[in-house]
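Written below as structure tokens is the structure these notes are about.
The values are calculated or read from the model by the stated rules, or taken from the named source; none is laboratory data. In this text the structure is predicted, and so the values were computed from the model without any measurement. Here the Cβ positions follow ideal geometry from the backbone for every residue, glycine too, while neighbour counts run over all protein chains shown. For accessibility, only protein heavy atoms count, side chains too; no ligands or nucleic acids. Shrake-Rupley method; radii C 1.70, N 1.55, O 1.52, S 1.80 Å.
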Amino acid sequence: MKSTLRDSAAHVFVDSVDAPVLGDVDSHHLLRVLRVKSRDAVTISDGFGKWRSCVVDGDANVEVTSDVVIEKSPKWQLTVAFSVVKGDRPEWTVQKLTEIGIDEIIILAPTVRSVVRWDAGRANKNIKRLRVVAREAAMQSRRVWLPKVSDVTTLAEVSDTFIADPNGVPVDASHRTVAIGPEGGFTAEEVSAGKGVVSLGETILRAETAAISAAVLMSSYRNKGS
Ligand code: SAM
């Protein structure tokens, strides 16, 4: 990551880096929560690879201070699909997957052993909230490519996915999409429906720990470039 991004007082997404305007929520966050001062270096991004430096005055007006930089998308895309778990753990999982650098996050429709089931209304509301969580986490972690949080998707619809199961092979660079089961695990039929089966280690992990482990392992191969 470039030091300008890493060292910025804040990083925020805007619709256009050519004519940047801060939204009300982001203005409040920058000025009142992070207490950004008028000469602090801030970075802005469109979430699609473009970013630049700027300063923000006390009325949230943006003055650009650098040219636009265009970052290439990651050399391959990484996806984690996970079954819904209880309470605020889906939010926590999306936040961490975003920080790690996952490109697409898929919430799985209930599988055979799912306990937590969202009806359509709840699913819409929760997915909207998870998109906000991902955007906030992407700002915090200085990403310039926003992750996609997909609509609720059935396991069968997740293309080219490997199934996480302790009986699988260790994760390597060929694994770019991994699906994590519910607390009760996937059934044998669900396990065999994927492209293959990957192990995340010798111990049985909670579903959210498994999602984070899969993300860390897959991204370590991408970061190495192998
Ligand atoms: N009740 C299941 C059992 O005893 O086998 C445990 C399910 S675990 C809490 C939830 C999900 O996390 C699993 O369906 C699997 O996808 C994933 N998981 C947990 N530990 C794993 C491991 N060591 N390797 C691969 N996947 C794992």
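For region 196-226, a residue qualifies if it is more than 6 Å from the ligand (Cβ to nearest atom) and in contact with a Ser or Thr (Cβ under 6 Å, 6 or more places away or on another chain), and the qualifying residues are Glu208, Ala211.
Residues in region 117-155 that are part of a loop (DSSP other than H, G, I, E, B) and touching an Asp or Glu at 6+ places or on another chain (Cβ under 8 Å): Ser141, Val144, Pro147, Ser150.
Of everything in region 154-169 that is more than 10 Å from the ligand (Cβ to nearest atom) and of a type outside the set (A, V, I, L, M, F, W, C), the residue that is surrounded by the most Cβ atoms within 10 Å (Cβ to Cβ) is Thr161. Residue count for region 170-209 satisfying the condition of being farther than 19 Å from Ala109 by Cβ, assigned to a strand (DSSP E or B) and open to solvent by less than 80 Å² (accessible area, probe 1.4 Å): 4.
Of the helices (runs of 4 or more DSSP H) lying entirely inside region 1-116, those carrying at least 2 residues that are open to solvent by less than 80 Å² (accessible area, probe 1.4 Å) and farther than 22 Å from Asn223 by Cα are 24-28, 89-100.
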